[in-house]
Amino acid sequence: MRIARTAIALAAITSLSLAGCSRGGDSGSAAKGGSGKKDATVIMSTLNNPFFVSVKNGAQAQSTKKGVKLTVQNANNSDATALNLATTAISKQTGVLILDPVSSQAATASVTQANSANIPVLAFDRKPAGGKLTCFVGYDAVQAGRNAAVALAKAVGDKGKVVEIQGILGTNVAQDRSKGFEEELAKHNGITIIAKQSANFDRAKALDVMTNVLQANPGIDGVYAANDEMAMGVLSALKARSLAGKVKLVSNDGISDALAAVAAGDMYATNAESPFALGQKVTDLTADILAGKPVPADDTLQGKLVTKDNVKEYAGFLTGIGDSADVPPTLR
């Protein structure tokens, strides 16, 4: 997606159409004849992150419309907890097992258990490393990193020193966002990444990491944080040194706090990936799986680069899909 575009695949997200994607796989699969069940179990990696809370809200809102009973479980960022929750759901013969892995490799055990029990598995956001999925749905993480790199390069005038704050490196999302960011930034010869460190997609961890980075590198020009939760931690560190708005900050996700920071000029941009819309999509796919309808093996959604120029427009989009909770009061 090119930054100059003011419209992206929001229509595709809003309509929740089923489309093939760039991650590969066959053209689609179906639950043979449908299970006749109307229930599904969602195992979230965490509900301590606003992004995943919004995914849950979108999924539950759509479940009422689709007649699907969703049971939402919180793994609290523990692979062991996630496996235990999956094992319990499988033993109860849930209609569909829906996974947001804590780590991609560890999630394989849950997928293979469900495969053995002939329970279809839908994964979202983070992709399990093994096992057979009925469908995977998520945003294009490589493109998100590329979009952020282009935005940051523009913000710093194509020259200077920047910092990369990475997510949980055991997940494909963190790996792909970093890959896209670094590949794109390499095209800008005047910019150097002087520090790169993981903060595990966590706000408090990012505050600590960025505080240390600033102490060692006081003359930085920009920061890329792989998600908005970390960006908020970075922003706190920048504010402590009166650098908010001066050091250009770019991130991913488009949570309420980030949108408010963009509107205030404290943050340059976020590659917004509506979690509420992702949750809606998860439920729509689940309903189709339960009904035995074809679903794509992979379904990729695209984000929208949000800057101060179009943040109100994006807030209007969120309100339009029923997600006023993720719109900060300053933009309502």
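The values are calculated or read from the model by the stated rules, or taken from the named source; none is laboratory data. Because the structure is predicted, anything quoted here is derived from the model rather than measured. Cβ atoms come from the backbone with ideal geometry, glycine included; neighbour counts cover every protein chain shown. These accessible areas exclude ligands, DNA and RNA; they are computed on the full protein's heavy atoms, side chains included. Shrake-Rupley method; radii C 1.70, N 1.55, O 1.52, S 1.80 Å.
Top to bottom by accessible area (1.4 Å), largest first, where do GLU164, GLU313 land?
Order by accessible area, largest first: GLU313, GLU164.
Under a 1.4 Å probe, what is the accessible area of the chain per residue, stated in Å²?
I get 40 Å² per residue for the chain.
Excluding residues on the same chain fewer than 8 positions from LYS37, give the lysines whose Cα lies under 22 Å from its Cα.
By straight Cα distance, LYS37 reaches LYS56, LYS65, LYS66, LYS69, LYS92, LYS132, LYS281, LYS293.
Where does the charge balance sit around ALA315 when Lys and Arg score +1, Asp and Glu -1, over other residues with C-beta under 11 Å from its C-beta?
Surrounding charge for ALA315 is -1.
Hey, can you grab everything whose amide H is under 5 Å from the amide H of ALA272? Only 5+ residues off in sequence or another chain; H modelled, so Pro and N-termini drop out.
ASP253, LYS304, LEU305, VAL306
Summing +1 for each Lys or Arg and -1 for each Asp or Glu, what net charge is found among the other residues whose Cβ lies under 15 Å from the Cβ of LYS92?
After counting each charged neighbour, the total is +2.
So, counting K/R as plus one and D/E as minus one, what does the shell of residues with Cβ under 12 Å around ASP266 add up to?
Every neighbour counted, the sum reads +3.
Considering Cα pairs under 8 angstrom that are at least six residues apart, work out the relative contact order of the stretch 91-194 and quote it in whole percent.
Relative contact order, the stretch 91-194: 26 percent.
So how exposed is LEU243, as accessible area in Å² (1.4 Å probe, rounded to 10)?
Surface open to solvent at LEU243 totals about 40 Å².
Could you derive backbone 3J(HN,Hα) for the stretch 237-244 from the dihedral phi with the Karplus parameters 6.51, -1.76 and 1.60 (θ = phi - 60°), listing whole Hz in sequence and x where the residue is Gly or Pro?
Computed from phi, the couplings for the stretch 237-244 are 5, 5, 5, 4, 10, 6, 10, 4 Hz.
At 1.4 Å probe size, with no ligands or nucleic acids counted, give the accessible surface of LYS281 in Å², nearest ten.
Number for this one is 0 Å².
By a straight-distance test (C-alpha under 17 Å), which lysines pair with LYS196 as possible cross-link partners, with residues fewer than eight away in the same chain excluded?
LYS161, LYS179, LYS205, LYS248
Would you give the gap between the C-alpha center of the stretch 124-154 and the C-alpha center of the stretch 250-314, rounded to a whole Å?
So the separation of the two Cα centres works out to 12 Å.
Given points 7 Å out from each Cα along the Cα-Cβ axis, report the SER324 to SER242 separation in nanometres with one decimal.
4.1 nm
Counting only helical runs of four or more DSSP H residues, what would the 222 nm mean residue ellipticity of the chain come to if each run contributes -39,500 (n - 2.57) and the total is spread over all its residues?
Result for the chain: -13000 deg cm²/dmol, rounded to the nearest 500.
How would you rank 81-92, 129-140, highest first, on the average number of other Cβ atoms within 10 Å across their residues?
Ranked from most to least packed, the peptides come out as 129-140, 81-92.
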